[in-house]
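Structure first, commentary second.
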Amino acid sequence: MLKILFSFDYSAHERFIAPARAGAQIWRLILGLVLTVLFIWICAPLIWQFLFYTMSDEGYRAVHEDLETLLLPQSILILLSSFGLIWLALAAIVLVLHKRRPETLIGSPTIAFLQAKFVIVALLLLTVAMLLMPPYGYSPALEGGLPFGRWVLFLVPALLAVFIQTSAEEVLFRGYLQQQLAARFNHPAIWMMLPSVLFGLAHYAPDTYGSNAWLVVIWAGIFGLFAADLTARSGTLGPAIALHFATNVSALLLIAPQGEMSGLALFQHGFSAADEDAVRAFLPIDFAVMLVSWLAARLALRR
């Protein structure tokens, strides 16, 4: 286990960043990020225009009023699916600004798919193993969430929406950012740390987490480092997307805290994200699961 933990063979990373070398100027990266933000800012309202004309008045009103709490399954599906704007923006940016094909953001699609499959299988086996293990003093009080029939009805679109959201975030942080920085700077402290710090800061939500907001930022930043490591080790985004996808499926579709973003969950924890003491007690457990999941993904990539 220690050998896996401290092994950093990143030879495959060169294959991943090679397409970015021709357009690795920092000004292109900064301009690309600015254009991404502008694209999302301009196009996001168009989603609501589309929904206004395609949904019933009652349905549109309910979803629009639920934007603050995201308790309705439909609201969460719309939010997660809207991350597809990141995909569209970056595809256009790398094509026009960096003169390379959009699929280079993920590496070889065939290899990425195979590696993602190995990681997903490893994480499923890990989940089964954890379910069969004693709780060792931790037995969360779960409450019912979405009724099972409705949960099954929403499952396929929910899985697709989570995939859109997680893959878009990985394409942005471990694809575009990590690729462009690694093509310009050789040291991992730059191309691993900077995207991970930005990824962590993107999860800063004091209105939701209160005094735990910075702990959540640290948690997300460490997750970013794990995803960056898997990307550098594998030479594709497949494993990072698989890890991110499995993590968010668990947190959004299976067991979610009460309140905000709980509308698609089959079960709910006995606390909300605003319960600072409960969240602070839960984060070490969540971190341990994340650490073991990362190690399981590393094991899967040794095939």
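Sequence gap at least 6, Cα distance under 8 Å: using those rules, report the relative contact order of the chain to the nearest whole percent.
29 percent
Quick one, which of (i) 5, 22, 31, 25, 12, 4, 1, 0; (ii) 7, 28, 35, 20, 6, 3, 1, 0; (iii) 6, 25, 35, 25, 9, 1 is the actual P(r) over Cα pairs in 10 Å bins from 0, in percent calculated for this model?
Checked against the structure: label (iii).
If each residue's Cβ is checked for other Cβ atoms within 10 Å, how do Ser108, Ser234, Ser75 rank with the fewest at the top?
Lowest to highest Cβ neighbour count: Ser108, Ser75, Ser234.
Which whole-angstrom value gives the distance between the alpha carbon centres of segment 139-186 and segment 210-257?
For segment 139-186 versus segment 210-257, the Cα centre distance is 9 Å.
Just going by the charge dipole of segment 1-99, with Lys and Arg at +1 and Asp and Glu at -1 on Cβ, which of His98, Leu51, Ser81 is farthest out on the positive end?
His98
Rank these for me by crowding, Trp294, Trp27, Trp48, going from fewest to most other beta carbons within 10 Å.
Values: Trp294 22, Trp27 8, Trp48 15.
Lowest to highest Cβ neighbour count: Trp27, Trp48, Trp294.
List the residue ranges in the chain for DSSP H helices whose C-alpha atoms run 24 angstrom or more along the long axis and whose Kyte-Doolittle average is 0.0 or above.
What comes out of the filter, once short or polar helices are dropped, is 26-54, 109-132, 148-170, 213-234, 276-300.
For segment 152-243, rounded, prolate or oblate, judged on the Cα gyration tensor with a ≥ b ≥ c (square roots of eigenvalues), a/c < 1.5 rounded, else prolate if a/b > b/c? Kindly include the intermediate steps, with their values, before the conclusion.
Working: a/c = 2.49, a/b = 1.19, b/c = 2.09.
In terms of gyration-tensor shape, oblate.
How do Ile164, Ile93 rank when sorted from fewest to most other Cβ atoms within 10 Å of their own Cβ?
Final ranking by Cβ density, sparse to dense: Ile164, Ile93.
Once a ≥ b ≥ c are taken as the square roots of the eigenvalues of the Cα gyration tensor of segment 31-132, is the result rounded (a/c under 1.5), prolate (a/b larger than b/c) or oblate (a/b not larger than b/c)?
Verdict is oblate for segment 31-132.
From the helices alone, meaning DSSP H stretches of at least four residues, give me the mean residue ellipticity at 222 nm for the chain, per-run term -39500 (n - 2.57), in deg cm²/dmol to the nearest 500.
Details: 15 runs with 199 residues, N = 303.
Theoretical 222 nm ellipticity from helices: -21000 deg cm²/dmol.
Bear in mind these aren't lab numbers, they're just calculated from the coordinates by the rules spelled out. It should be emphasised that the depicted structure is a prediction, and the values quoted were computed from it without experimental measurement. Reconstructed Cβ throughout: ideal geometry from the backbone, glycine too, with neighbour counts over all protein chains shown.
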